[in-house]
Every structure is written in structure tokens, then in C-alpha cells.
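One structure is given here, and the rest of the page talks about it.
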Amino acid sequence: MQAQIRHAADQELVTWVGTLADELGKKAEQYDRSGDFLSDQIAYLQSAGYSSLTVPKAYGGRGCDLYQLLLAQERLAHGDPSAALVMGWHLGITLSLSMTEAWPEELYADFCRDVVLGIALVNACGTEPDSGSPSRGGRPATEAVRVEGGYRITGEKTWATGSPAITHFLITAYVAEDDRVGEFLVHKGSEGLHVKKSWDSMSMRASGSDSVVLQDVFVPDAYLLDLVIPGQKTKRSSDGSGWLLHIPATYLGVANAARDYTIDFVKTYVPSSLGKPIATVPHVREKIGQLEAQGAMAETVLWAIARRYDEATMEQKRSMREDLSLAKYIVTNAAVAMVDLAMRTAGGQSILRTHPLERYYRDVRAGLHNPPMDDVTVRQLADRALGK
Ligand SMILES: Cc1cc2nc3c(=O)[nH]c(=O)nc-3n(C[C@H](O)[C@H](O)[C@H](O)COP(=O)(O)OP(=O)(O)OC[C@H]3O[C@@H](n4cnc5c(N)ncnc54)[C@H](O)[C@@H]3O)c2cc1C
């Protein structure tokens, strides 16, 4: 991580996030066990100002670019992966909105004001029980019907990370009369909207990735943010969606936490049969070397692509799709390999429910199922190499 710090502002950010991560880390295991949504961890981050990291300075935020967002997310995930995932979606979307100007100015300004006050969080809810990943472009089963002054939306979204704390839900719905897919802003507390507790997973257990149920929810015309042909990209994607790199940064943070634990462990674990730390044993050193190689590969790719993205024009950003997907592919797969190597190094105790590596193992797996998925990435790369 040290090598990725470019200047004093990066260092100050990472040091500050480190104190937040350490505080969250005190309760992360407890939340993982219960599977309850970590509402007080999120409230703590909001009151500390973490949720306004990517709000532009002009609106009272910290104005972090993508590179700094990833630095922060990687560090936060050491302490609490589930909390980092909730924040990653919110911060990434907030950053993207500032670049794409996909929302009317007044709406974005109001949203930013509430984020800075610590009372607003956004997430996009695209996945549905039968749709699979929205990144594959399927038409939503959720429907919006035009009524006087707006729309009535009915449907169900699943895997909605952070939904118990989200105030601004971005909901995709099919508008049959236009044969278009709309993206609507639906506020928490809207009549007919409720969060159904459905999240019971082995990974990211405290992330509150529950279901959002909408029954005839009225949404005024002003909150129809986009209307596109099914499968077509929205205005929010006009920045090439580099913000999605918050995902690999988070899982790299999980893997680096496993790596740090393991380095410490091999230096201090002295089995009676050996009489000295296992860090002296050749096969242990070899695994540590492999772990370091995976970590270095992931970091080299992630930071290089993030830097290139920040420096690119909007047009160049849009043409980075395959490289952004590739970064996610390399980093999340390396993160899974790192935790696997850490467990092989630590030995049998790593599978005990009380062991930190057991939790990192479960959490890091989730990265494979966040977009873009590996099959999509390798297809994009093949298309680039061979033509469609
Ligand atoms: C921790 C976590 C948090 C998440 N948070 C959110 C969130 O906040 N908001 C949100 O909207 N979603 C969220 N998701 C959901 C995520 O974006 C995916 O929708 C979900 O993981 C299912 O993706 P999938 O690719 O496994 O499913 P599917 O798309 O159903 O794919 C299942 C299998 O079928 C294959 N397949 C399916 N369709 C095709 C096709 N057309 N062509 C080729 N192969 C196909 C896939 O390759 C895969 O092997 C989250 C997921 C996780 C793990």
C-alpha cells in the first residue's frame, strides 16, 4: 500500500481512514456472526464524514477522485468488509454523478447537502429475483405505469446492498407504453416501498443486501432520471463506469487484511516440533512469496488503471471499458487466491469459525459475483482481440 501513496493528501486520507477502519474492526466479527445490518457502523462513518468523500468540494465534500476513493475503500475493508461495500456503492455513484451530471443540478445539490449532513446514502437497485445480474442487460420485471404527474412503480429488487440505510434508491423499471427502461429516484419512506429482510448469505453477511419491495409507489415526473431502450447504457454510464472499481478495491482490502494477519502469524507461531517461528520453513516462505506476488500484481494493475482513468478525458474514459473490466477481473481473482494462500499457510485453524481468515475467506468470495462478472470480462477481451 505504501507504494501507492502519491503525495501528502493521499497519506493523510489513508491514515484517517485507518483510524475509522480500526474502530469498525472492533465490531465486524460480531456483526458477521449475527448477520444483522451494521447500522451503527454506517452511522459512525456518516458522522465522521466518510460518506462525503466523493462529494465535490463545491458542495461541501472532500472531492476525492477515483484513485483516492480506491485508497480509502481498500483501507476501510481491512476493518469491516460489509461496511466498506455499503459505502463503496454510495461513494462510487456519488462520484459518477459529479462527472456525468446525470441528475439535474438542483437535485444533485440537494443530495450532496444531505450526504454532507450525514443523512443521505444512495445505491442502485437493478437485480431482481428472476433477472440475474442487471449488467447482462435484461429487461426488468419491475414496471412503471404512467399516471397523472408521474409514475406508479411495482416490483421487487434483490441484493440491494445497504438497503436498511439507503435513503435514495435508484430503481430500474420497464415502462411498457414507451417500450423503454426508466431509472427512477425513489426516496426512503415513500408510500408502498419497504425493505424486506432477505439477506442470509455466507459472504458480506452484515451488508444488508436485502430486498426492496415496491407496491404502486408514486414517483413524480421529476424523479424519472433516464429512459432508454432496453439494454442501452444510461447517462450514468457516460463516464465509462470507472467508479465500479470500488468493488475490487474493497476485496483487495479484505485480501490484504488476510495477508497482514498471516505475515504476523508466521513470524510468531512457534510449534513445539519446530522450536522456532514457521516463517523459517521453506514451504511457508514459498507460500508467502506467492501471496506477495498475487498482491503486487493486483495492486499494480488497480492503481495503474485508476490513475489512467482519472487523467483521461470523458471520451477516453468511455473507451476504457475492457481495461476497467480487466482490472476488476485480475484484482478480485488475485484477492481470492491471496486468502486461499493465507489459509494454506496458517493451516487447519484457519477454518475455525472463530478465526479471522475464515471470515475473510467467505467475504472475498463475494467479489466474484459483483459486476462485471468474469464471463463478461473474458468475452469482452475475446471480442477486442478477435472482433465480434
Ligand atoms: C455482496 C453482493 C452485493 C450486491 N449488491 C448489489 C446491489 O447493491 N445492487 C444490485 O443491483 N445488485 C447487487 N448485487 C447483485 C449482483 O450485481 C448480481 O446481480 C448477482 O450477484 C447475480 O449475478 P450472477 O452473474 O451470478 O447471476 P446471473 O446473471 O443469474 O448468472 C448466473 C449464471 O448464469 C450465467 N448467465 C446468466 N445470464 C447469462 C447470459 N445472458 N449470458 C451468458 N451467461 C449468463 C452466468 O454466467 C452465471 O454463470 C450484489 C451481489 C453481491 C454478491
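The values are calculated or read from the model by the stated rules, or taken from the named source; none is laboratory data. The model shown is predicted, which means the values in this text are computed figures rather than measured ones. Cβ atoms come from the backbone with ideal geometry, glycine included; neighbour counts cover every protein chain shown. These accessible areas exclude ligands, DNA and RNA; they are computed on the full protein's heavy atoms, side chains included. Shrake-Rupley method; radii C 1.70, N 1.55, O 1.52, S 1.80 Å.
Evaluate the following for Thr154: is it touching a Leu at 6+ places or on another chain (Cβ under 9 Å) and not assigned by TED's automatic domain parsing to the domain that holds His78? Here the answer is yes, as Thr154 does meet what is asked. Against the conditions (1) modelled with pLDDT of 95 or more; (2) farther than 30 Å from Leu71 by Cα; (3) in contact with a Pro (Cβ under 6 Å, 6 or more places away or on another chain), Ser98 satisfies every one except (2).
Out of Leu244, Leu170, which single residue is open to solvent by 30 Å² or more (accessible area, probe 1.4 Å), under 30 Å from Asp65 (Cα atoms) and at pLDDT 95 or above?
Details: Leu170 fails: open to solvent by 30 Å² or more (accessible area, probe 1.4 Å).
Exactly one residue qualifies, and that residue is Leu244.
Exactly one residue out of Leu85, Leu66, Leu45, Leu91 is more than 24 Å from Ser211 (Cα to Cα), of a type outside the set (D, E, K, R), buried (at least 24 other Cβ atoms within 10 Å of the Cβ) and not assigned by TED's automatic domain parsing to the domain that holds Pro356: that is Leu66.
For (1) at pLDDT 95 or above; (2) under 23 Å from Trp243 (Cβ atoms); (3) in contact with a Pro (Cβ under 8 Å, 6 or more places away or on another chain), each residue gets a yes or a no:
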| site | (1), (2), (3) |
| --- | --- |
| Ala255 | yes, yes, no |
| Asp260 | yes, no, no |
| Tyr269 | yes, no, yes |
| Ile278 | yes, no, yes |
| Asp310 | yes, yes, no |
| Met314 | yes, yes, no |
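Identification of strands (runs of 3 or more DSSP E) wholly contained in the stretch 155-228 with 2 or more residues that are away from the ligand (no atom under 16 Å from the Cβ) yields 180-187, 210-220, 224-228.
For Thr154, all conditions in the list (1) within 19 Å of the chain's Cα centre (by Cα); (2) more than 26 Å from Thr377 (Cβ to Cβ); (3) surrounded by fewer than 22 Cβ atoms within 10 Å (Cβ to Cβ) hold save one; what is the number of the exception? The single condition Thr154 does not satisfy is (1). When Ala58 is tested against the conditions (1) outside the structural domain of Ile171 (by TED's automatic domain parsing); (2) closer than 29 Å to Leu357 by Cβ, the lone failure is (2). Scanning for something under 30 Å from Val281 (Cα atoms) and within 14 Å of the ligand (Cβ to nearest atom), does the stretch 364-381 turn up at least one residue? Yes, the stretch 364-381 has at least one match. Suppose we keep only residues that are β-branched (Val, Ile, Thr) and surrounded by 14 or more Cβ atoms within 10 Å (Cβ to Cβ) within the stretch 112-144. Which one would you say is farthest from Glu191 (Cα to Cα)? Among them, the one singled out is Val116.
In the stretch 276-297, which residues are in a loop (DSSP other than H, G, I, E, B) and open to solvent by 60 Å² or more (accessible area, probe 1.4 Å)?
Just the residues of the stretch 276-297 that are in a loop (DSSP other than H, G, I, E, B), to begin with: 276-277, 281.
Residue satisfying the conditions is Lys276 alone.
Just one of the numbered conditions (1) farther than 20 Å from Leu170 by Cβ; (2) touching a Gly at 6+ places or on another chain (Cβ under 7 Å); (3) among the β-branched types (Val, Ile, Thr) is not true of Val219: (1).
Quick one: in the stretch 173-203, which of the residues that are of a type in the set (Gly, Ala, Ser) and farther than 15 Å from Thr154 by Cα is surrounded by the most Cβ atoms within 10 Å (Cβ to Cβ)? Outline the logic, then answer.
Taking the stretch 173-203 and keeping what is of a type in the set (Gly, Ala, Ser), we get 173, 176, 182, 189-190, 192, 198, 201, 203.
Among the residues that remain, those that are also farther than 15 Å from Thr154 by Cα are: 189, 198, 201, 203.
Details: Gly189: 7, Ser198: 17, Ser201: 15, Ser203: 21.
Per the stated criteria, the residue is Ser203.
Would you call Val147 over 25 Å from Ser47 (Cα atoms) and either within 15 Å of the ligand (Cβ to nearest atom) or open to solvent by 20 Å² or more (accessible area, probe 1.4 Å) (or both)?
Considered against the rule, which asks whether it is over 25 Å from Ser47 (Cα atoms) and either within 15 Å of the ligand (Cβ to nearest atom) or open to solvent by 20 Å² or more (accessible area, probe 1.4 Å) (or both), Val147 comes out as yes.
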